[in-house]
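The values are calculated or read from the model by the stated rules, or taken from the named source; none is laboratory data. As the structure is a computational prediction, the values presented were derived from the model and not from experiment. With ideal geometry, Cβ positions are generated from the backbone for all residues, glycine too; neighbour counts draw on all protein chains shown. Only protein heavy atoms, including side chains, enter the accessible area calculation; ligands, DNA and RNA are left aside. Shrake-Rupley method; radii C 1.70, N 1.55, O 1.52, S 1.80 Å.
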Amino acid sequence: MAKAKTTAFFCKECGFESSKWYGQCPACKEWNTFVEEPIVKKTATKGVANIMSSQPSVLSQISTNDTDRTSTGIEELDRVLGGGIVEGSLVLVGGDPGIGKSTLLLQMCQKLSVMGKKVLYISGEESLKQIKLRAERIGEFNDNLLLLCETNLDMIEKALRDIKPEIVIIDSIQTMYREEIGSSPGSVTQVRESTAILMQLAKGLAISIFIVGHVTKEGIVAGPRVLEHMVDTVLYFEGDRNAAYRILRGVKNRFGSTNEIGVFEMRGSGLEEVKNPSEYMLSGRPLGASGSVVVCLLEGTRPLLVEIQALVCDSNFGMPRRTAAGTDYNRVNLLMAVLEKRVGMHLSGCDAYVNVAGGLKVNEPALDLGIVLAIVSSYKNREIDFQTIIFGEVGLAGEVRAVSQAQQRVTEAIKLGFKTCILPEVCLNNVLKTDKIKLIGVRNLSEAMNAIL
Ligand code: TYD
Ligand code: MG
């Protein structure tokens with residue numbers, strides 16, 4: 001008789017399960033992500049079922065109130081969560097190691113404990129002493145915050161039932177394990193089973209749980225992607241390790257809009273909220289330099305002004321060098337081809353370097369016109385008035401096309417004292433005329449170039 005299989009293969013990225021090994025995952029198309037792990041017998045998922053009644057209800061008679069949401073005391077975080085923490089929700093905070101996830105959550109714990117909430121911070125990565133050292137940099141804590149160093153989920157479950165906290169932090173999910181499951185902590189099965197248990201506890205005991213998950217492309221631990229569909233809310237914490245600012249982005253939210261961002265700055269005393277990110281991004285801008293342009297992009301519903309810099313110079317080789325930092329390289333090449341063909345600028349013998357200042361990664365069509373005019377400004381070595389802001393999409397025929405939410409972008413520019421705005425002509429209808437800013441509508445690249453030079 002054939003022996004029953006005791007192991008299966010799992011994709012570390014997306015959790016796809018298969019009875020045989022693949023070089024490329026058939027589900028997410030990532031290479032070399034399959035690992036062999038013991039099969040777990042499905043535990044009956046009772047928790048969620050418990051809190052749901054089998055009687056249908058009339059929608060209009062279900063009561064909700066605002067008090068179901070708790071403010072975290074950190075405005076930028078509240079915004080990304082959709083207005084605060086929802087009772088009984090499971091939130092995943094993902095990000096590269098060292099980006100500041102533990103710091104952010106510990107700061108949240110501090111604010112919550114001061115507000116009188118009972119908070120339990122469970123760490124599987126740091127000792128109590130290490131957490132204390134971090135906490136000392138952040139500020140004053142009170143006795144509502146409890147710390148626990150534990151990785152065994154059965155113990156954690158017991159602690160939750162005994163202590164009955166309102167908010168729990170699990171740092172990180174990759175260190176948690178259940179004994180019944182044979183594989184090591186951080187494996188796909190462990191991460192998935194641990195999250196399922198935490199989900200049951202969150203819904204069953206009405207505790208809001210925050211899970212930290214490290215994103216690792218090539219590492220041995222399972223990526224948080226495996227969990228995305230299980231949790232209520234997924235937040236990613238990103239940023240350039242060399243730059244001080246950090247962006248918290250919502251990618252999934254069952255209780256609010258996604259694509260909201262929160263901006264923070266890493267300081268010596270923890271993370272500081274950046275209330276006015278545009279001002280922050282534009283600080284240190286060179287005045288009177290050619291090739292520098294300010295554009296307005298939208299992050300979710302939030303307008304953000306950033307500086308784009310271009311440097312165009314003669315190429316020494318037959319193959320000109322082009323680089324794009326912070327934006328799409330192919331898009332920059334395409335825009336240069338449009339300039340060459342539609343405006344007749346001879347860029348084929350030039351090196352071109354395009355950079356989004358501040359290390360931000362942006363990819364929005366509204367940026368096109370800014371990139372093009374930065375290149376033109378550098379090529380002609382003529383500066384663009386520093387109080388001018390530019391946005392618009394550029395098409396292959398050299399036309400300037402409409403972008404969404406023009407009014408919001410203009411309002412943000414006015415707020416920061418810009419005097420001229422170059423925008424697609426079709427957007428003029430959507431923008432209120434004011435004497436605070438001069439609006440110049442352009443239909444194509446030639447008109448745009450005439451407007452700035
Ligand atoms: P951390 O929260 O430990 O990252 P994660 O939990 O995402 O792995 O953040 C660690 C980094 O933050 C570390 O490089 C030091 C820096 N940091 C500061 O600059 N200031 C501070 O006050 C703190 C607590 C950390
Ligand atoms: Mg950490």
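Can you give the FRET efficiency for A402 and T258, using 1/(1 + (r/R0)^6), R0 = 25 Å, r = Cβ-Cβ distance, to the nearest 0.05?
Plugging the Cβ-Cβ distance into 1/(1 + (r/R0)^6) gives 0.55.
Taking the Cβ of L77 as the centre, find all other residues whose Cβ is under 10 Å away and add up their charges (Lys, Arg: +1; Asp, Glu: -1).
Around L77, the charge tally is -2.
Students often get this wrong: which residues of region 330-362 have the backbone nitrogen under 20 Å from the point 7 angstrom along Cα-to-C-beta of A289?
Inside the label zone: 351-362.
Rounded, prolate or oblate: pick one for region 96-163, where a ≥ b ≥ c are the square roots of the eigenvalues of its C-alpha gyration tensor, a/c under 1.5 means rounded, and failing that, prolate if a/b is larger than b/c, else oblate.
It comes out oblate by the Cα gyration axes.
Multiply the residue separation of N381 and L334 by 0.36 nm, subtract the distance between their alpha-carbon atoms, and state the gained length in nm to one decimal.
Length gained, N381 through L334: 14.8 nm.
7 Å from Cα along Cα→Cβ at both N276 and R161: what's the point-to-point distance in nm?
5.4
Search the structure for amide H atoms under 5 Å from the amide H of R246, placed 1.01 Å from N in the peptide plane, and list their residues when 5 or more places away or on another chain.
F264, E265, M266
Quick check on my link table: of K275/K415; K12/K203; K101/K132; K361/K438, which ones sit more than 23 Å apart, alpha carbon to alpha carbon?
K12/K203; K361/K438
So what's the net charge close to K117: Lys and Arg +1, Asp and Glu -1, counting the other residues with Cβ under 13 Å from its Cβ?
That works out to +1.
For S19, S183, S54, give the ranking by accessible area with the largest first, probe 1.4 Å.
The most accessible residue leads, giving S54, S19, S183.
Sort R382, R79 by heavy-atom solvent-accessible area, probe 1.4 angstrom, most to least.
Output order, biggest surface exposure first: R382, R79.
How would T411, T103 rank on accessible area, largest to smallest, probe 1.4 Å?
I get T411, T103, largest accessible area first.
Between K436 and L128, what FRET efficiency follows from the Cβ-Cβ distance if R0 is 56 Å, with the result rounded to 0.05?
Efficiency computed from Cβ-Cβ geometry: 0.55.
Compute all pairwise cysteine Cβ distances in the chain, then list the cysteines with no distance under 4.7 Å to another cysteine.
C109, C149, C296, C313, C350, C421, C427
Is the C-alpha gyration tensor of region 95-214 telling us rounded, prolate or oblate? Criteria: a/c under 1.5 is rounded; beyond that, a/b larger than b/c is prolate, otherwise oblate.
oblate
Quickly estimate the mean residue ellipticity at 222 nm for the chain, helices only: each DSSP H run with n ≥ 4 gives -39500 (n - 2.57), and the total goes over all residues, rounded to 500.
-7500 deg cm²/dmol
Quickly work out the S18-to-R321 label distance, labels modelled 7 Å from Cα along the C-beta direction, and quote it in nm with one decimal.
Spacing of the two 7 Å Cα→Cβ label points: 4.1 nm.
What are the DSSP H helices in the chain that stretch 24 Å or more along their long axis, judged by alpha-carbon atoms, and whose average Kyte-Doolittle hydropathy comes to at least 1.0?
none
Below 16 Å, Cα to Cα, which lysines can K117 reach? Residues fewer than 8 away in the same chain don't count.
K164
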